[in-house]
Amino acid sequence: MTYCTHRQPPTNQVVVLRQQDDHDRPFLQDLYLSRRWAEVSAVPGWNDAQRRAFLLAQAELQRQHYEKHYPAASFLIIEQAGTSIGRLCVDRQAHDVRIVDIALLPAWHGQGIGTQLLRSLLAEADAERQSCSLSVEQGNPARRLYERLGFEPGANSGLYTQMQRPARPVAKHNLDNP
């Protein structure tokens, strides 16, 4: 099992990334529900059991889609103090680091965790002279973060916008002092 730790400002929380496994499925379902619950709550005529069943089916379809279209991706669980708080799915390609999914439980939003994980991925991409890309849903407030980190909008499907941060040269002093 591969672990990667990141020290998080401003709270000094240590976040651990570990490979996702079958035991994580209930957590991943809960994470998916936390991301989409408000959206399906607006559907008239559905009770909570119907909403939950629909979202669990959607979570399964998302899982299948990711596994089919990103078979070489790293599917990671984000943990803090031994508690699962999010997921990160990254597909490292020859010239691009594709962020397939990054999500945190709502209680962990706004604490700099996502920002630091993204900065780590961008530094990794820069070190390998790779671009970094992702897809963001229309209206997702995370788009502002992506733009601050240098991602530029590309193709727009109406529901999602493709964003890419071009490869950046590594500073000379970084090459001299690995």
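Descriptive notes on the structure:
- Note, ³J(HN,Hα) from phi for region 84-91, Karplus 6.51, -1.76, 1.60, rounded to Hz, x at Gly and Pro: 5, 10, x, 9, 9, 10, 10, 10
- Projected-area mean, region 93-151, by convex hull of Cα positions, square nanometres: 4.1 nm²
- Computed from label points 7 Å out along Cα-Cβ, the spacing between ALA155 and GLN116 is 3.5 nm.
- Gain in span if fully extended, GLN58 to ASP22, counting 0.36 nm per residue against the direct Cα distance: 11.2 nm
- Extension gain, ASP30 to VAL43, is 2.7 nm, computed as 0.36 nm per intervening residue step minus the present C-alpha separation.
- For region 18-154, the share of DSSP beta bridges that are antiparallel, to the nearest 5, is 80%.
- At the listed q of 0.20 Å⁻¹, the Debye profile of the chain, built from one uniform point per Cα, gives log10 I(q)/I(0) equal to -1.62.
- Looking at region 121-161, the trypsin sites (Lys or Arg not before Pro) that sit in a DSSP loop and have at most 12 other Cβ atoms within 10 Å of their own Cβ are ARG129.
- Couplings 3J(HN,Hα) of region 146-161, computed from phi: 4, 5, 4, 8, x, 6, 10, x, x, 4, 10, 8, x, 9, 10, 10 Hz, in residue order, whole Hz [Karplus 6.51 cos²θ - 1.76 cosθ + 1.60, θ = phi - 60°; x for Gly and Pro].
Just so you know, all these numbers are worked out from the coordinates, no wet-lab data involved. Every value quoted in this text rests on a predicted model; they were computed, and no experiment measured them. Quick reminder, even Gly has a Cβ in these numbers, built from the backbone with ideal geometry, and neighbours come from all protein chains shown.
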